[in-house]
Amino acid sequence: MRKITALFAMLAFTAAPAFAQDAGWETQGLTDDSITIGVMGPFSGNASSYSKAMVGMMAYYQKVNDDGGVHGRKLVAVQEDTACDSAKGLAAAKKLISQDQVFMLQGNSCSGVAVALRPVVEESGIPWIVAQAVSDSISVPLARNIFHGVPTGSANGRAMASFVLSKPDTKNVAIIEHSNDWAHSYSDPAKEYLKEQGITPSLELTMERGQTDATAQVLQLREAKPDFIIAALYEAETAIFLKDLKKYGLGDIPVMGTAGTDLENTLKRTGDFDTVKNYFVIHSYVDNLDGPKMKKWADMIKKYYPDEELSTFSFVSIGSAEALVSALEKIGPDLTRSKLIAALEEVRDFDTGILSDPITWTPEDHQGVKGSAVAGFVDEKPAVLKAWGQPY
Amino acid sequence: MQMPTARQRRLRTILFWAVPAILLLVPLGTNAYTQFIVNGMLISTLVTLGFTIVIGNLGQLAFANTAFFGIGAYGSAILAAKLGVPWLLTIPIAGVFGAAGGFLASAAALRGIRSYYLAIITLAFGELMRWTYLHARPLTGGTDGLPMPRETLFGVSLTDDTVKYFVFLVVTVLLVKATANLLASRFGRAVMAVRENEVATASLAIPTSRVILVTFIWSGFVVGCAGALFARHIGHVFPESFGMLHLIASFAMVLVGGLGSVLGAVLGAVVLTALPEYLRAFPGMEELFFGLIVAAVLVALPMGLASLLRRMSPIFVERFYREAS
């Protein structure tokens, strides 16, 4: 036993340099004219389309730099690929933190990767603004240096239920969902909200991924006659479900979908306006993507990324980038990591002008965006709504 | 292929223990990132080793490797997270779980299923396990995965990559040595004989079924232990870590290193774990470059990187090693 202890003591001695904390930790990644920010995203692999979610943020950094930076410092992004894979994501985070020595992190599209990164980033103490991934467990329980800058799964789920109940006389609500955690991340908080309002779903149905027919589910819905249906389904299955609803004469029942579906894409998939006329989706922005309130953001992205084909994902990280820049400006030129964390915790009701709900970070709660708007067709045109019949 | 002399064999033994002794000093020259990559190399070494003894030495086209890896990782995570078993203890237990997986996978081979049919059955086994990780939600956490609890070892947090490295190194060296010894024994010769001609081997009163069974079980044990290391390496076990992409990467490591070679398993794992990190400098082009480099190595060295070393010195010729025909 003594020999084993001695061996481990020797190994610990060998490892000692790795445990040592640098004295300049507070200002690591800062120079007089730059702030380095580690940006992680899936730039390769099956989920590389989600890297579009970095574009808005990167364009915003460039805009800030063109306007002179923050207190004379330019925002310098160091990009690393996670490939939406936890091992590769961890390597990316460790590279940014220990090798590139960035001042802070912002980004990350894949929830699974972000969840795996959490202990590493939390232990490092460096500020991280999660700008795309939605899983609640990235920022709950509270980690002092991790901030969520987009609506989380629970915020979206509650927003879905809230919208459903905003329709007058809605008492009978049915739920249809995939049997995976992605769907549960929307349906569980939605059910919780319904329960708080004294409503139990009349029917809870499952439609598996890849299913090409929803007749069985629709026939059960015909019996239950719900006032509203909450559908936590991917876009392909949503289109099938909506088509079958119409086919069996239930096309007038409104359906509330997740942020994982896009209104106009769903219309393209069904190819029939009647199937989507009562379909609503979570929409985190103040306007339609081609609406006047989004124009300045679209123009900004196009200026720096002329080839970018704009989609819902392109805009998602801009709001948290604005909140970051605002916090950096408030701190002044004497910037440290601790000061940034403290400043972020002071952000209250920050109107980004792009996200439908403001950002508020407090020392007790780092999930900054608590709600989301809804998109639906009004007079056959896509519109953003606060509640049933209430334009945003 | 020139065989090593007695002196060269002694030198090889010294070299085998000298390399890990030198590797103990690696943390002096690494940061958290490079240490993480080195740790990944050790895990990949075990995965590749377990794979190559079935596919290269035994000559069975079996692809259940990723299943053993997942079984080991989830076994370790469930024991640690749900039952509070210290992670170090979960390593051999995960190995036993992996061995049980190996036993199940060998059932198809023992029933005389071979070639593409065995490949499909073992691939299906891997997918079945992935389905289980996804749907046994109370046990595995479903798509959210299962986080490893935070632990300390002799007062040092196990989130530290340097501490993990020493444990990974000890486990890897022990399993590599044990596998090398196994393949250099009479049993190893029997394994090779089964690969070359199973009927002729059986005619020599060698119990071929037992050879196949034990090889699968040992492969499962090695890869199951690697799974337990992986669970601690990542700190969170997700189903997507055990899919086709992982299998393809492991297969590439086996081929690039050299089919059926212990040294090749180590070389393949080290090179192909490091390569994607070098390719980080080319975002969006990594997969293309990775594919081109792997293809180039295989064209230039069809018997893998180990064959290059064998050509340089007989020290690197493994006992009973024969290039797959």
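The values are calculated or read from the model by the stated rules, or taken from the named source; none is laboratory data. Since the model is a prediction, treat every value here as computed from it, not as a measurement. As a convention, Cβ positions derive from the backbone with ideal geometry for all residues, glycine included, and neighbour counts pool all protein chains shown.
Points worth noting:
- Pairs linking a residue in region B:281-309 that is at pLDDT 90 or above to a residue that is among the aromatic types (F, W, Y) and surrounded by 12 or more Cβ atoms within 10 Å (Cβ to Cβ), with Cβ atoms under 8 Å and 6 or more positions apart or on different chains, are B:A306/B:F316.
- Residue under evaluation A:A53, criteria (1) within 11 Å of chain B (Cβ to nearest Cβ); (2) assigned to a helix (DSSP H, G or I), criterion not met: (1)
- Elements of type strands (runs of 3 or more DSSP E) contained in region A:57-173, each with 2 or more residues being touching a helix residue (DSSP H, G or I) at 6+ places or on another chain (Cβ under 8 Å), crowded, with 21+ Cβ neighbours inside 10 Å and of a type in the set (A, V, I, L, M, F, W, C): A:104-107, A:128-130, A:146-148
- Scope region A:174-214; condition outside any loop (DSSP other than H, G, I, E, B), away from every other protein chain (no Cβ under 14 Å) and surrounded by fewer than 16 Cβ atoms within 10 Å (Cβ to Cβ); matching residues: A:E192, A:K195, A:E196, A:E204
- Evaluation of A:G353 against the conditions (1) in contact with an Asp or Glu (Cβ under 9 Å, 6 or more places away or on another chain); (2) closer than 23 Å to A:P189 by Cα shows that the sole unmet condition is (2).
- Condition check for A:S317: out of contact with any Cys (no Cβ under 9 Å at 6 or more places or on another chain), in the same structural domain as A:N145 (by TED's automatic domain parsing) and surrounded by fewer than 23 Cβ atoms within 10 Å (Cβ to Cβ): no
- Subset of region B:109-127 (residues that are in contact (Cβ under 8 Å) with a residue 40 or more places away in the chain and either within 24 Å of B:S241 (Cβ to Cβ) or of a type in the set (A, V, I, L, M) (or both)): B:A109, B:L110, B:L118, B:A119, B:T122, B:L123, B:F125, B:G126
- A search for C-beta distances below 6 Å between a residue of region A:354-371 that is free of Cβ contacts under 8 Å to residues at least 12 places away in the same chain and any residue that is among the aromatic types (F, W, Y) and buried (at least 24 other Cβ atoms within 10 Å of the Cβ), counting only pairs 6+ apart in sequence or on different chains, returns nothing.
- Where helices (runs of 4 or more DSSP H) sit wholly within region B:178-279, those with at least 3 residues that are closer than 25 Å to B:E318 by Cα, touching a residue at least 40 places away in the same chain (Cβ under 8 Å) and not β-branched (V, I, T) occupy B:186-196, B:208-234, B:244-257, B:262-278.
- Residue within region B:167-174 that is away from every other protein chain (no Cβ under 14 Å), modelled with pLDDT of 95 or more, closer than 18 Å to B:T215 by Cα and surrounded by fewer than 17 Cβ atoms within 10 Å (Cβ to Cβ) present: yes
- Of all residues in region B:138-166, those that are facing another protein chain (nearest Cβ under 8 Å) and charged (D, E, K, R) total 4.
- Residues (surrounded by fewer than 17 Cβ atoms within 10 Å (Cβ to Cβ), in a loop (DSSP other than H, G, I, E, B) and without any contact (Cβ under 8 Å) to a residue 60 or more places away in the chain) located in region B:137-165: B:R150, B:F154, B:G155
- Hey, B:T5 polar (S, T, N, Q), crowded, with 16+ Cβ neighbours inside 10 Å and out of contact with any Leu (no Cβ under 6 Å at 6 or more places or on another chain) or not: no
- Residue tally, condition part of a loop (DSSP other than H, G, I, E, B), out of contact with any Phe, Trp or Tyr (no Cβ under 8 Å at 6 or more places or on another chain) and not basic (K, R), over region A:354-380: 8
- Given (1) over 24 Å from A:A298 (Cα atoms); (2) touching a residue at least 60 places away in the same chain (Cβ under 8 Å), index of the condition A:E380 fails: (1)
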